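Have a look at the structure below, then the notes.
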Amino acid sequence: MRPSTGDAASDFASAADFAALMMASERSLSSHNGKKSMRSNDHTTFKFRAECAADAQVIRAVLLPSLLHWQETRDTLEHDGGLHALPDVTVEFSILAGGPALDEIWWLVDCVCNCHVAAESIELIENYTGERKTRRRFEAPARMPSRELLRQAVAAVKRRQEVLRLELERVQQLYQTCETAARLGDKWQPVNPQIPSPGWVVLVELEGTGHTAMRRISAPLGCKQWQRLEKSLVNGRMFTIGN
């Protein structure tokens with residue numbers, strides 16, 4: 001993987017690089033399952049709790065450039081003999097060597113609005129208790145990351161914005177389909193399959209610059225467009241899911 005290009009659209013040289021990184025992350029997750037402490041020379045593992053999965057995903061977006069492993073567990077409650085799912089989630093994640101340290105992670109999480117539960121509970125996994133340590137946002141022990149780590153965070157969040165726009169379009173398409181079916185009843189017909197769907201986000205190398213940019217590829221026209229770009233549908237889908 002080439003060094004960061006300075007293009008805010010991406011820190012990855014290609015979608016294939018991103019796919020390889022995701023596969024390596026999955027292998028690491030499988031090999032480390034069940035271990036209480038996950039500190040090594042190449043990564044450090046942390047844990048926190050959040051009020052909902054949406055909070056956890058925003059935090060994941062800002063940490064993504066240095067992320068090796070991410071696992072969310074939905075909290076549950078036993079009541080009246082039954083097990084009930086709660087909105088709260090507990091997250092365990094690993095940061096690669098060279099990524100933000102704990103005090104820098106506190107600062108980055110402080111940037112996320114209304115994520116105080118996560119910001120006050122995040123700790124090294126061996127020190128994690130789930131208890132909140134009340135403090136003011138951005139105050140010590142939180143420490144502003146280096147300009148390079150901040151630049152990477154900005155790029156990651158920009159990628160996340162593009163993926164969220166795509167997801168919004170998918171939800172809008174779902175709404176339109178269900179609303180039309182409910183209104184028309186037996187007269188409803190499936191949407192013409194030739195109408196482009198929201199599709200995927202894909203990285204494209206800008207010829208002659210060494211930089212990359214994000215592009216949207218819509219299915220079913222996507223297959224032909226991707227062939228011209230020498231990209232695979234699998235890599236593009238993985239890139240979209242990963243961000």
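The values are calculated or read from the model by the stated rules, or taken from the named source; none is laboratory data. All figures in this text were calculated on a predicted structure; none of them were measured in a lab. Methodologically, a virtual Cβ is constructed for each residue, glycine included, from the backbone with ideal geometry; neighbour enumeration extends over all protein chains shown.
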### Message
So in the stretch 46-60, with the set limited to residues that are touching a residue at least 24 places away in the same chain (Cβ under 8 Å) and under 12 Å from Asn114 (Cβ atoms), which one is surrounded by the fewest Cβ atoms within 10 Å (Cβ to Cβ)?
### Response
Cys52
#### Entry: Number of the condition not met by Met144 [criteria: (1) among the hydrophobic types (A, V, I, L, M, F, W, C); (2) surrounded by 11 or more Cβ atoms within 10 Å (Cβ to Cβ); (3) part of a helix (DSSP H, G or I)]
(3)
### Query
Across the stretch 70-110, which residue is surrounded by the most Cβ atoms within 10 Å (Cβ to Cβ) among those that are in contact (Cβ under 8 Å) with a residue 40 or more places away in the chain and of a type in the set (Val, Ile, Thr)?
Ile105
#### Entry: Every residue from the stretch 61-97 that is at pLDDT 90 or above and of a type in the set (A, V, I, L, M)
Ala61, Val62, Leu63, Leu64, Leu67, Leu68, Val89, Val91, Ile95, Leu96, Ala97
### Query
For the subset of the stretch 111-137 comprising residues that are touching a residue at least 40 places away in the same chain (Cβ under 8 Å), assigned to a loop (DSSP other than H, G, I, E, B) and more than 17 Å from the chain's Cα centre (by Cα), which member is nearest to Val58 (Cα to Cα)?
Asn114
### Query
Out of Glu131, Glu139, Glu123, which single residue is under 21 Å from His69 (Cβ atoms) and either in contact with a Gly (Cβ under 9 Å, 6 or more places away or on another chain) or assigned by TED's automatic domain parsing to the domain that holds Asp55 (or both)?
Glu123
